[in-house]
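Data block below; observations after.
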Amino acid sequence: PVLVESLLVFIIVLSVHAVVWDRFSWCAVALAVQAFYVQFKWDRLLQLGGAVFQFRGAANSGLLPASMVIPLLGVVMKERCKAAGIVYFERFGIVVASTGMLLALFLSILAVGITKPVPTNTCILTGIAGSIIIYTMKHSLTVSEVIEVLEVLLIFVYLSMILLYLLPRCFTPGEALLVLGGVSFVLNQLIKRSLNVIEGRGDPIDFFLLVAVVGVILLGLFFTVLFIFLDSGTWISSMFFHMMTAVLGLGVIMPWLYRLIQRNPLFWLLQFLFQTQTRLYLLVYWTFLAASACGVVFYQNAKRSSESKKHQASTITRKYFHFIVVATYVPGLIYDRQLLYVAAVLCLAVFIFLEYIRYFRIKPFGQTLRHLLSLFLDERDSGPLILTHIYLLLGMSLPVWLFPRSCAPKGTLPGAGALVPYSGVLAVGVGDTIASVFGSTMGEIKWPGTKKTFEGTMTAIFAQIIAVALILIFDSSVNLNSSYAWILASVSLVSLLEAYTTQIDNLLLPLYLQIMFMA
(Lines give C-alpha, C1' and ligand atoms only; values in the text may rest on other atoms or scores of the structure.)
Protein backbone atom coordinates (compact mmCIF):
# COMPACT_ATOMS: atom_id res chain seq x y z
CA PRO A 1 0.00 0.00 0.00
CA VAL A 2 2.82 2.46 0.79
CA LEU A 3 4.41 1.85 -2.61
CA VAL A 4 1.09 2.39 -4.45
CA GLU A 5 0.40 5.54 -2.40
CA SER A 6 3.88 6.83 -3.29
CA LEU A 7 3.35 5.99 -6.97
CA LEU A 8 0.08 7.97 -7.00
CA VAL A 9 1.79 10.97 -5.39
CA PHE A 10 4.59 10.79 -7.98
CA ILE A 11 2.01 10.73 -10.79
CA ILE A 12 0.28 13.80 -9.32
CA VAL A 13 3.62 15.63 -8.95
CA LEU A 14 4.66 14.85 -12.53
CA SER A 15 1.19 15.72 -13.87
CA VAL A 16 1.27 19.14 -12.21
CA HIS A 17 4.80 19.90 -13.40
CA ALA A 18 4.05 18.69 -16.91
CA VAL A 19 1.68 21.69 -17.03
CA VAL A 20 3.72 24.25 -15.04
CA TRP A 21 7.35 23.19 -15.54
CA ASP A 22 9.87 25.72 -14.21
CA ARG A 23 12.92 25.84 -11.95
CA PHE A 24 10.83 24.78 -8.96
CA SER A 25 9.86 21.58 -10.77
CA TRP A 26 13.37 20.19 -10.34
CA CYS A 27 13.13 21.00 -6.64
CA ALA A 28 9.74 19.28 -6.30
CA VAL A 29 10.92 16.11 -8.07
CA ALA A 30 14.13 15.99 -5.99
CA LEU A 31 12.09 16.55 -2.80
CA ALA A 32 9.66 13.77 -3.76
CA VAL A 33 12.46 11.26 -4.44
CA GLN A 34 14.26 11.92 -1.15
CA ALA A 35 10.95 12.00 0.81
CA PHE A 36 10.15 8.55 -0.65
CA TYR A 37 13.37 7.13 0.79
CA VAL A 38 13.19 9.00 4.10
CA GLN A 39 9.57 7.86 4.55
CA PHE A 40 10.80 4.31 5.14
CA LYS A 41 13.26 5.57 7.78
CA TRP A 42 10.36 7.27 9.60
CA ASP A 43 8.27 4.09 9.32
CA ARG A 44 11.10 2.06 10.85
CA LEU A 45 11.51 4.59 13.66
CA LEU A 46 7.77 4.45 14.39
CA GLN A 47 7.81 0.64 14.51
CA LEU A 48 10.82 0.57 16.87
CA GLY A 49 9.52 3.41 19.05
CA GLY A 50 12.58 5.60 18.39
CA ALA A 51 10.83 8.62 16.82
CA VAL A 52 11.47 11.04 19.77
CA PHE A 53 7.74 11.92 20.03
CA GLN A 54 4.73 9.58 20.19
CA PHE A 55 2.96 9.58 16.83
CA ARG A 56 -0.39 8.13 15.82
CA GLY A 57 -0.34 4.36 15.43
CA ALA A 58 -2.01 2.17 12.76
CA ALA A 59 -0.63 4.42 10.01
CA ASN A 60 2.63 4.92 8.16
CA SER A 61 4.61 8.15 8.50
CA GLY A 62 2.93 9.75 5.46
CA LEU A 63 6.01 11.89 4.79
CA LEU A 64 5.87 11.76 0.98
CA PRO A 65 2.20 12.75 0.45
CA ALA A 66 2.42 15.46 3.13
CA SER A 67 5.77 16.83 1.89
CA MET A 68 4.41 17.63 -1.55
CA VAL A 69 1.20 19.47 -0.58
CA ILE A 70 2.53 22.91 0.42
CA PRO A 71 5.19 23.12 -2.35
CA LEU A 72 2.68 22.13 -5.04
CA LEU A 73 0.11 24.61 -3.69
CA GLY A 74 2.71 27.36 -3.90
CA VAL A 75 3.73 26.42 -7.44
CA VAL A 76 0.20 26.32 -8.86
CA MET A 77 -0.71 29.56 -7.02
CA LYS A 78 2.36 31.23 -8.52
CA GLU A 79 1.40 30.16 -12.03
CA ARG A 80 -2.24 31.27 -11.69
CA CYS A 81 -1.27 34.69 -10.32
CA LYS A 82 1.46 35.08 -12.93
CA ALA A 83 -1.11 34.45 -15.68
CA ALA A 84 -3.38 37.08 -14.06
CA GLY A 85 -0.50 39.58 -13.83
CA ILE A 86 -0.71 39.92 -10.01
CA VAL A 87 2.98 40.21 -9.09
CA TYR A 88 2.49 40.41 -5.29
CA PHE A 89 0.68 37.05 -5.12
CA GLU A 90 3.03 35.51 -7.68
CA ARG A 91 5.87 36.26 -5.22
CA PHE A 92 3.68 34.98 -2.38
CA GLY A 93 3.28 31.66 -4.23
CA ILE A 94 7.08 31.40 -4.53
CA VAL A 95 7.42 31.99 -0.77
CA VAL A 96 4.76 29.32 -0.04
CA ALA A 97 6.53 26.78 -2.30
CA SER A 98 9.95 27.52 -0.79
CA THR A 99 8.60 27.33 2.76
CA GLY A 100 6.92 23.98 2.11
CA MET A 101 10.10 22.52 0.66
CA LEU A 102 12.24 23.71 3.56
CA LEU A 103 9.80 22.36 6.18
CA ALA A 104 9.68 18.96 4.45
CA LEU A 105 13.47 18.93 4.15
CA PHE A 106 13.81 19.70 7.87
CA LEU A 107 11.56 16.76 8.78
CA SER A 108 13.63 14.50 6.49
CA ILE A 109 16.92 15.62 8.05
CA LEU A 110 15.42 14.98 11.50
CA ALA A 111 14.54 11.39 10.56
CA VAL A 112 17.96 10.74 9.03
CA GLY A 113 19.68 12.26 12.07
CA ILE A 114 18.00 9.99 14.63
CA THR A 115 18.23 6.79 12.57
CA LYS A 116 20.94 4.38 13.79
CA PRO A 117 23.06 3.35 12.00
CA VAL A 118 23.18 6.43 9.80
CA PRO A 119 21.66 5.57 6.37
CA THR A 120 24.41 6.63 3.95
CA ASN A 121 22.42 6.45 0.70
CA THR A 122 19.47 8.38 2.16
CA CYS A 123 21.87 11.00 3.55
CA ILE A 124 23.34 11.50 0.08
CA LEU A 125 19.87 11.82 -1.50
CA THR A 126 18.76 14.29 1.18
CA GLY A 127 21.94 16.30 0.66
CA ILE A 128 21.41 16.45 -3.12
CA ALA A 129 17.75 17.47 -2.74
CA GLY A 130 18.69 20.09 -0.12
CA SER A 131 21.41 21.53 -2.39
CA ILE A 132 19.00 21.84 -5.32
CA ILE A 133 16.32 23.50 -3.14
CA ILE A 134 18.74 25.95 -1.49
CA TYR A 135 20.37 26.83 -4.85
CA THR A 136 16.94 27.50 -6.38
CA MET A 137 15.85 29.59 -3.38
CA LYS A 138 19.09 31.62 -3.61
CA HIS A 139 18.26 32.59 -7.20
CA SER A 140 14.49 33.02 -6.70
CA LEU A 141 13.94 34.78 -3.36
CA THR A 142 14.78 38.28 -2.19
CA VAL A 143 16.52 38.79 1.16
CA SER A 144 13.21 39.68 2.89
CA GLU A 145 11.56 36.56 1.45
CA VAL A 146 14.43 34.35 2.67
CA ILE A 147 13.98 35.84 6.16
CA GLU A 148 10.24 35.13 5.98
CA VAL A 149 10.86 31.48 5.04
CA LEU A 150 13.36 31.08 7.91
CA GLU A 151 10.88 32.69 10.34
CA VAL A 152 8.24 30.09 9.43
CA LEU A 153 10.81 27.30 9.86
CA LEU A 154 11.74 28.64 13.32
CA ILE A 155 8.08 28.85 14.40
CA PHE A 156 7.51 25.32 13.05
CA VAL A 157 10.42 23.92 15.07
CA TYR A 158 9.19 25.46 18.34
CA LEU A 159 5.52 24.56 17.71
CA SER A 160 6.49 20.98 16.88
CA MET A 161 8.50 20.57 20.09
CA ILE A 162 5.65 21.99 22.19
CA LEU A 163 2.56 20.46 20.58
CA LEU A 164 3.96 17.01 19.75
CA TYR A 165 5.05 16.71 23.39
CA LEU A 166 1.72 17.92 24.77
CA LEU A 167 -0.42 15.92 22.29
CA PRO A 168 1.01 12.39 21.93
CA ARG A 169 -0.48 10.01 19.34
CA CYS A 170 -2.57 12.75 17.69
CA PHE A 171 -0.56 13.03 14.45
CA THR A 172 1.61 11.03 12.10
CA PRO A 173 4.82 12.85 11.02
CA GLY A 174 3.11 13.76 7.73
CA GLU A 175 -0.02 15.11 9.43
CA ALA A 176 2.18 17.08 11.85
CA LEU A 177 3.99 18.60 8.87
CA LEU A 178 0.70 19.69 7.27
CA VAL A 179 -1.08 20.95 10.40
CA LEU A 180 1.84 22.55 12.23
CA GLY A 181 3.35 23.86 8.99
CA GLY A 182 0.04 25.54 8.16
CA VAL A 183 -0.32 27.02 11.66
CA SER A 184 3.30 28.28 11.55
CA PHE A 185 2.68 29.99 8.21
CA VAL A 186 -0.55 31.58 9.46
CA LEU A 187 1.16 32.84 12.63
CA ASN A 188 4.02 34.33 10.64
CA GLN A 189 1.61 36.03 8.24
CA LEU A 190 -0.33 37.52 11.15
CA ILE A 191 2.83 38.89 12.78
CA LYS A 192 4.03 40.30 9.46
CA ARG A 193 0.72 42.01 8.68
CA SER A 194 0.32 43.30 12.25
CA LEU A 195 3.70 45.04 12.00
CA ASN A 196 2.91 46.53 8.58
CA VAL A 197 -0.70 47.67 8.85
CA ILE A 198 -1.74 49.96 6.00
CA GLU A 199 -5.26 51.32 6.29
CA GLY A 200 -7.56 50.07 3.56
CA ARG A 201 -5.14 47.37 2.39
CA GLY A 202 -6.16 43.73 2.82
CA ASP A 203 -9.51 42.01 3.00
CA PRO A 204 -11.04 41.96 6.51
CA ILE A 205 -12.17 38.35 6.08
CA ASP A 206 -8.53 37.29 5.55
CA PHE A 207 -7.50 39.06 8.76
CA PHE A 208 -10.45 37.43 10.52
CA LEU A 209 -9.16 33.96 9.52
CA LEU A 210 -5.60 34.71 10.67
CA VAL A 211 -6.63 36.15 14.04
CA ALA A 212 -9.21 33.41 14.74
CA VAL A 213 -6.76 30.55 14.03
CA VAL A 214 -3.87 32.08 15.99
CA GLY A 215 -6.22 33.17 18.80
CA VAL A 216 -7.66 29.71 19.48
CA ILE A 217 -4.20 28.06 19.26
CA LEU A 218 -2.71 30.55 21.77
CA LEU A 219 -5.76 30.05 23.99
CA GLY A 220 -5.16 26.30 23.99
CA LEU A 221 -1.44 26.67 24.76
CA PHE A 222 -2.21 29.05 27.64
CA PHE A 223 -4.71 26.68 29.28
CA THR A 224 -2.51 23.63 28.68
CA VAL A 225 0.31 25.25 30.65
CA LEU A 226 -2.12 26.54 33.30
CA PHE A 227 -3.78 23.18 33.92
CA ILE A 228 -0.43 21.50 34.50
CA PHE A 229 -0.59 23.19 37.92
CA LEU A 230 -4.40 23.12 38.45
CA ASP A 231 -7.05 20.40 38.37
CA SER A 232 -9.13 21.40 35.36
CA GLY A 233 -12.17 19.37 36.43
CA THR A 234 -13.18 21.53 39.43
CA TRP A 235 -15.79 24.30 39.39
CA ILE A 236 -13.19 26.91 40.42
CA SER A 237 -10.91 25.95 37.50
CA SER A 238 -13.89 25.93 35.14
CA MET A 239 -14.96 29.42 36.23
CA PHE A 240 -11.37 30.59 35.79
CA PHE A 241 -11.33 29.02 32.29
CA HIS A 242 -14.46 30.91 31.20
CA MET A 243 -13.28 34.16 32.79
CA MET A 244 -9.81 34.00 31.17
CA THR A 245 -11.36 33.08 27.81
CA ALA A 246 -13.44 36.30 28.00
CA VAL A 247 -10.40 38.33 29.13
CA LEU A 248 -8.13 36.99 26.36
CA GLY A 249 -10.89 37.31 23.75
CA LEU A 250 -11.93 40.85 24.62
CA GLY A 251 -8.52 42.06 25.78
CA VAL A 252 -6.17 40.51 23.20
CA ILE A 253 -7.92 38.98 20.19
CA MET A 254 -10.51 41.74 19.64
CA PRO A 255 -7.98 44.64 19.85
CA TRP A 256 -5.64 42.68 17.57
CA LEU A 257 -8.39 42.32 14.97
CA TYR A 258 -9.37 45.98 15.45
CA ARG A 259 -5.81 47.04 14.62
CA LEU A 260 -5.88 45.03 11.39
CA ILE A 261 -9.33 45.95 10.02
CA GLN A 262 -9.49 49.47 11.53
CA ARG A 263 -13.06 49.09 12.81
CA ASN A 264 -14.94 47.46 15.66
CA PRO A 265 -14.75 43.68 14.97
CA LEU A 266 -18.15 42.88 16.51
CA PHE A 267 -19.97 45.60 14.58
CA TRP A 268 -18.14 44.60 11.40
CA LEU A 269 -19.08 40.94 11.88
CA LEU A 270 -22.76 41.66 12.58
CA GLN A 271 -22.97 44.03 9.62
CA PHE A 272 -21.26 41.44 7.40
CA LEU A 273 -23.48 38.53 8.46
CA PHE A 274 -26.79 40.39 7.99
CA GLN A 275 -25.82 42.52 5.00
CA THR A 276 -28.25 40.97 2.50
CA GLN A 277 -31.44 38.97 2.58
CA THR A 278 -29.66 36.02 0.93
CA ARG A 279 -27.24 35.88 3.85
CA LEU A 280 -30.11 35.88 6.31
CA TYR A 281 -31.74 32.95 4.50
CA LEU A 282 -28.44 31.04 4.44
CA LEU A 283 -27.86 31.63 8.15
CA VAL A 284 -31.34 30.33 9.01
CA TYR A 285 -30.80 27.29 6.76
CA TRP A 286 -27.38 26.56 8.33
CA THR A 287 -28.85 26.90 11.82
CA PHE A 288 -31.42 24.25 10.90
CA LEU A 289 -28.65 21.93 9.60
CA ALA A 290 -26.57 22.48 12.75
CA ALA A 291 -29.60 21.54 14.86
CA SER A 292 -30.05 18.43 12.68
CA ALA A 293 -26.42 17.40 13.27
CA CYS A 294 -26.91 17.83 17.04
CA GLY A 295 -30.09 15.77 16.73
CA VAL A 296 -28.14 12.91 15.09
CA VAL A 297 -25.62 12.96 17.97
CA PHE A 298 -28.35 12.87 20.64
CA TYR A 299 -30.39 10.21 18.80
CA GLN A 300 -27.40 7.89 18.34
CA ASN A 301 -26.45 8.27 21.99
CA ALA A 302 -30.05 7.56 23.05
CA LYS A 303 -29.87 4.28 21.08
CA ARG A 304 -26.79 3.24 23.01
CA SER A 305 -28.18 0.95 25.69
CA SER A 306 -26.63 0.36 29.09
CA GLU A 307 -25.63 -3.16 27.98
CA SER A 308 -23.59 -1.91 25.04
CA LYS A 309 -21.56 0.99 26.35
CA LYS A 310 -18.67 0.03 24.06
CA HIS A 311 -20.92 0.25 21.03
CA GLN A 312 -19.49 2.51 18.30
CA ALA A 313 -21.37 4.31 15.53
CA SER A 314 -21.23 2.55 12.16
CA THR A 315 -19.47 3.94 9.10
CA ILE A 316 -22.81 4.87 7.53
CA THR A 317 -23.87 6.71 10.70
CA ARG A 318 -20.66 8.74 10.72
CA LYS A 319 -21.20 9.64 7.06
CA TYR A 320 -24.49 11.35 8.00
CA PHE A 321 -22.30 14.28 9.00
CA HIS A 322 -20.64 14.28 5.56
CA PHE A 323 -24.06 14.60 3.93
CA ILE A 324 -24.98 17.45 6.31
CA VAL A 325 -21.69 19.23 5.52
CA VAL A 326 -22.29 18.91 1.76
CA ALA A 327 -25.79 20.35 2.24
CA THR A 328 -24.16 23.20 4.19
CA TYR A 329 -21.37 24.10 1.78
CA VAL A 330 -22.98 23.77 -1.64
CA PRO A 331 -25.55 26.62 -1.22
CA GLY A 332 -22.81 28.81 0.29
CA LEU A 333 -20.51 28.15 -2.68
CA ILE A 334 -23.28 28.95 -5.16
CA TYR A 335 -24.85 32.00 -3.51
CA ASP A 336 -22.33 33.69 -1.19
CA ARG A 337 -18.74 32.43 -0.89
CA GLN A 338 -17.61 35.29 1.34
CA LEU A 339 -20.29 34.43 3.90
CA LEU A 340 -19.27 30.76 3.72
CA TYR A 341 -15.64 31.82 4.27
CA VAL A 342 -16.47 33.72 7.47
CA ALA A 343 -19.00 31.14 8.72
CA ALA A 344 -16.39 28.36 8.30
CA VAL A 345 -13.87 30.39 10.34
CA LEU A 346 -16.43 30.89 13.12
CA CYS A 347 -17.33 27.19 13.04
CA LEU A 348 -13.66 26.19 13.28
CA ALA A 349 -13.15 28.46 16.31
CA VAL A 350 -16.27 26.98 17.98
CA PHE A 351 -15.18 23.38 17.24
CA ILE A 352 -11.71 23.93 18.71
CA PHE A 353 -13.12 25.75 21.74
CA LEU A 354 -15.58 22.89 22.39
CA GLU A 355 -12.70 20.43 22.11
CA TYR A 356 -10.85 22.40 24.80
CA ILE A 357 -13.93 22.12 27.04
CA ARG A 358 -14.11 18.36 26.41
CA TYR A 359 -10.36 17.76 26.79
CA PHE A 360 -9.96 19.78 30.01
CA ARG A 361 -13.33 18.50 31.37
CA ILE A 362 -14.55 22.07 31.89
CA LYS A 363 -17.84 22.22 33.79
CA PRO A 364 -20.72 22.15 33.11
CA PHE A 365 -20.40 20.61 29.60
CA GLY A 366 -16.99 18.90 29.54
CA GLN A 367 -18.04 15.48 30.78
CA THR A 368 -21.23 15.55 28.69
CA LEU A 369 -19.22 16.23 25.52
CA ARG A 370 -16.87 13.37 26.37
CA HIS A 371 -19.81 10.99 26.68
CA LEU A 372 -21.61 12.20 23.53
CA LEU A 373 -18.56 12.18 21.23
CA SER A 374 -17.10 8.87 22.46
CA LEU A 375 -19.71 7.07 20.33
CA PHE A 376 -18.17 8.47 17.11
CA LEU A 377 -14.51 7.69 17.80
CA ASP A 378 -12.54 5.60 15.32
CA GLU A 379 -8.98 4.25 15.15
CA ARG A 380 -7.63 7.65 14.04
CA ASP A 381 -8.65 9.26 17.36
CA SER A 382 -5.96 7.41 19.34
CA GLY A 383 -4.60 10.49 21.12
CA PRO A 384 -6.08 12.72 23.83
CA LEU A 385 -7.81 14.97 21.27
CA ILE A 386 -10.77 14.12 19.03
CA LEU A 387 -9.83 15.69 15.70
CA THR A 388 -11.81 13.89 12.98
CA HIS A 389 -14.70 16.40 12.98
CA ILE A 390 -12.21 19.30 12.89
CA TYR A 391 -10.39 17.66 9.98
CA LEU A 392 -13.72 17.28 8.17
CA LEU A 393 -14.39 21.00 8.58
CA LEU A 394 -10.84 21.85 7.48
CA GLY A 395 -11.07 19.60 4.43
CA MET A 396 -14.25 21.33 3.28
CA SER A 397 -13.03 24.85 4.15
CA LEU A 398 -9.39 24.92 3.02
CA PRO A 399 -10.23 25.08 -0.72
CA VAL A 400 -12.49 28.08 0.06
CA TRP A 401 -9.88 29.80 2.25
CA LEU A 402 -6.94 29.07 -0.10
CA PHE A 403 -8.75 30.09 -3.28
CA PRO A 404 -6.63 32.91 -4.82
CA ARG A 405 -9.41 35.50 -5.08
CA SER A 406 -7.03 38.32 -6.05
CA CYS A 407 -5.83 36.29 -9.04
CA ALA A 408 -9.39 35.59 -10.19
CA PRO A 409 -10.79 39.03 -11.17
CA LYS A 410 -14.18 37.59 -12.19
CA GLY A 411 -14.43 35.58 -8.98
CA THR A 412 -13.57 32.29 -10.68
CA LEU A 413 -10.59 30.70 -12.44
CA PRO A 414 -10.80 29.46 -16.05
CA GLY A 415 -11.16 25.79 -16.93
CA ALA A 416 -10.91 23.19 -14.17
CA GLY A 417 -9.80 26.00 -11.83
CA ALA A 418 -13.46 27.01 -11.54
CA LEU A 419 -13.98 23.86 -9.42
CA VAL A 420 -11.25 24.74 -6.89
CA PRO A 421 -13.69 25.93 -4.15
CA TYR A 422 -15.65 22.69 -4.65
CA SER A 423 -12.58 20.48 -4.04
CA GLY A 424 -13.61 19.68 -0.46
CA VAL A 425 -17.20 18.94 -1.46
CA LEU A 426 -16.09 16.60 -4.25
CA ALA A 427 -13.21 14.80 -2.51
CA VAL A 428 -14.62 14.45 1.02
CA GLY A 429 -18.32 15.25 0.87
CA VAL A 430 -19.09 13.15 -2.20
CA GLY A 431 -16.13 10.87 -3.03
CA ASP A 432 -15.06 9.71 0.43
CA THR A 433 -18.66 9.38 1.63
CA ILE A 434 -19.88 7.32 -1.33
CA ALA A 435 -16.73 5.16 -1.28
CA SER A 436 -17.26 4.35 2.42
CA VAL A 437 -21.00 3.69 2.17
CA PHE A 438 -20.94 1.55 -1.00
CA GLY A 439 -17.62 -0.09 -0.12
CA SER A 440 -18.83 -1.19 3.32
CA THR A 441 -22.25 -2.39 2.12
CA MET A 442 -21.66 -3.84 -1.37
CA GLY A 443 -17.89 -4.02 -1.84
CA GLU A 444 -16.37 -7.47 -2.39
CA ILE A 445 -13.14 -6.95 -4.35
CA LYS A 446 -10.53 -5.39 -2.05
CA TRP A 447 -7.58 -3.35 -3.27
CA PRO A 448 -4.39 -5.37 -2.50
CA GLY A 449 -3.11 -4.70 1.01
CA THR A 450 -6.01 -2.47 2.11
CA LYS A 451 -9.53 -2.69 3.53
CA LYS A 452 -10.87 -0.44 0.75
CA THR A 453 -12.81 -1.98 -2.13
CA PHE A 454 -12.70 -1.60 -5.88
CA GLU A 455 -16.47 -1.06 -6.00
CA GLY A 456 -16.26 1.77 -3.45
CA THR A 457 -13.55 3.59 -5.41
CA MET A 458 -15.28 3.23 -8.79
CA THR A 459 -18.60 4.40 -7.30
CA ALA A 460 -16.84 7.40 -5.74
CA ILE A 461 -15.35 8.43 -9.11
CA PHE A 462 -18.73 8.08 -10.82
CA ALA A 463 -20.48 10.06 -8.05
CA GLN A 464 -17.96 12.90 -8.31
CA ILE A 465 -18.43 13.14 -12.07
CA ILE A 466 -22.21 13.38 -11.52
CA ALA A 467 -21.56 16.06 -8.86
CA VAL A 468 -19.45 18.07 -11.35
CA ALA A 469 -22.31 17.88 -13.88
CA LEU A 470 -24.76 19.16 -11.22
CA ILE A 471 -22.38 21.99 -10.32
CA LEU A 472 -22.30 23.00 -14.00
CA ILE A 473 -26.10 23.09 -14.04
CA PHE A 474 -26.67 25.04 -10.83
CA ASP A 475 -23.59 27.32 -10.63
CA SER A 476 -23.53 29.65 -13.63
CA SER A 477 -20.05 30.98 -12.73
CA VAL A 478 -18.43 27.61 -13.51
CA ASN A 479 -17.14 27.26 -17.09
CA LEU A 480 -14.87 24.25 -17.60
CA ASN A 481 -13.73 25.13 -21.16
CA SER A 482 -13.57 21.49 -22.31
CA SER A 483 -11.11 20.46 -19.55
CA TYR A 484 -13.14 17.32 -18.85
CA ALA A 485 -10.30 14.83 -19.37
CA TRP A 486 -8.14 16.64 -16.78
CA ILE A 487 -11.05 16.69 -14.30
CA LEU A 488 -11.67 12.95 -14.78
CA ALA A 489 -7.95 12.19 -14.32
CA SER A 490 -7.77 14.40 -11.20
CA VAL A 491 -10.83 12.82 -9.58
CA SER A 492 -9.60 9.31 -10.41
CA LEU A 493 -6.10 9.87 -8.98
CA VAL A 494 -7.42 11.40 -5.76
CA SER A 495 -10.00 8.59 -5.36
CA LEU A 496 -7.25 5.98 -5.76
CA LEU A 497 -5.15 7.89 -3.22
CA GLU A 498 -8.11 7.68 -0.80
CA ALA A 499 -8.08 3.89 -1.19
CA TYR A 500 -4.39 3.53 -0.34
CA THR A 501 -3.49 6.31 2.09
CA THR A 502 -3.45 5.74 5.86
CA GLN A 503 -3.29 9.48 6.55
CA ILE A 504 -6.31 11.61 7.49
CA ASP A 505 -8.14 11.58 4.14
CA ASN A 506 -10.43 14.46 5.16
CA LEU A 507 -7.36 16.71 5.22
CA LEU A 508 -5.18 15.30 2.45
CA LEU A 509 -7.61 14.56 -0.40
CA PRO A 510 -9.18 18.04 -0.83
CA LEU A 511 -5.73 19.65 -0.96
CA TYR A 512 -4.52 17.29 -3.69
CA LEU A 513 -7.73 17.76 -5.69
CA GLN A 514 -7.38 21.53 -5.33
CA ILE A 515 -3.78 21.33 -6.59
CA MET A 516 -4.84 19.32 -9.64
CA PHE A 517 -7.71 21.69 -10.46
CA MET A 518 -5.50 24.79 -10.07
CA ALA A 519 -2.82 23.28 -12.31
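The values are calculated or read from the model by the stated rules, or taken from the named source; none is laboratory data. These numbers come from a predicted model, not from an experiment. As a convention, Cβ positions derive from the backbone with ideal geometry for all residues, glycine included, and neighbour counts pool all protein chains shown. For the accessible areas, the whole protein counts, side chains as well, though only heavy atoms, and no ligand, DNA or RNA atoms are used. Shrake-Rupley method; radii C 1.70, N 1.55, O 1.52, S 1.80 Å.
Helices of the chain meeting both criteria, an alpha-carbon length of 20 angstrom or more along the long axis and an average Kyte-Doolittle score not below 1.6, with helices taken as full DSSP H segments, are 2-19, 87-114, 143-166, 204-229, 454-474.
By the rule of a C-alpha distance below 19 Å, with chain neighbours fewer than 8 residues away ignored, the aspartates and glutamates paired with residue 303 are 378.
Extension gain, residue 288-residue 116: 0.36 nm per intervening residue step, less the Cα-Cα distance, totals 56.3 nm.
What separates the Cα centres of the range 489-519 and the range 387-420 is a distance of 14 Å.
Once C-alpha pairs closer than 8 Å and six or more residues apart are averaged by separation and normalised to the residue number of the chain, the relative contact order reads 18 percent.
Local charge for residue 410 was computed over the other residues whose Cβ lies under 15 Å away, with Lys and Arg +1 and Asp and Glu -1, and equals +2. Residues whose amide H falls under 5 Å from that of residue 453, counting only those 5 or more places apart or on a different chain, are 447, with hydrogens built in the peptide plane.
Evaluated at q = 0.16, 0.19 Å⁻¹, the base-10 log of the normalised Debye intensity for the range 1-197, with identical point scatterers placed on the Cα atoms, takes the values -1.03, -1.40.
Residues in the chain average 44 Å² of solvent-accessible surface per residue, probe 1.4 Å, ligands and nucleic acids excluded. Of the residues 258, 320, the one with the largest accessible area comes first in the ranking 258, 320, computed with a 1.4 Å probe on protein heavy atoms.
With K and R counted +1 and D and E -1, the other residues having a Cβ less than 14 Å from that of residue 155 yield a net charge of -1. Tell me the label only: which of (i) 53; (ii) 42; (iii) 50 is percent of Cα pairs over 32 Å apart as calculated from this structure? Given (i) 53; (ii) 42; (iii) 50, the structure-derived one carries the label (ii).
Measuring from each cysteine beta-carbon in the chain, the ones with no other cysteine beta-carbon under 4.7 angstrom are 27, 123, 170, 294, 347. A simple count of charges around residue 232, restricted to other residues whose Cβ falls under 12 Å of its Cβ and scoring Lys, Arg +1 and Asp, Glu -1, yields +2.
When the surface is traced with a 1.4 Å probe over the full set of protein chains, residue 359 keeps roughly 60 Å² accessible.
Packing, as the average of other Cβ atoms within 10 Å across residues, places the peptides 289-295, 459-465, 149-155 in the order 459-465, 149-155, 289-295, highest first. Bridging of residue 116 to lysines at a Cα separation below 24 Å is possible for 41, once same-chain residues fewer than 8 apart are set aside.
Ligands, DNA and RNA left out, the 1.4 Å accessible surface of the range 1-197 is 71% carbon and sulfur atoms.
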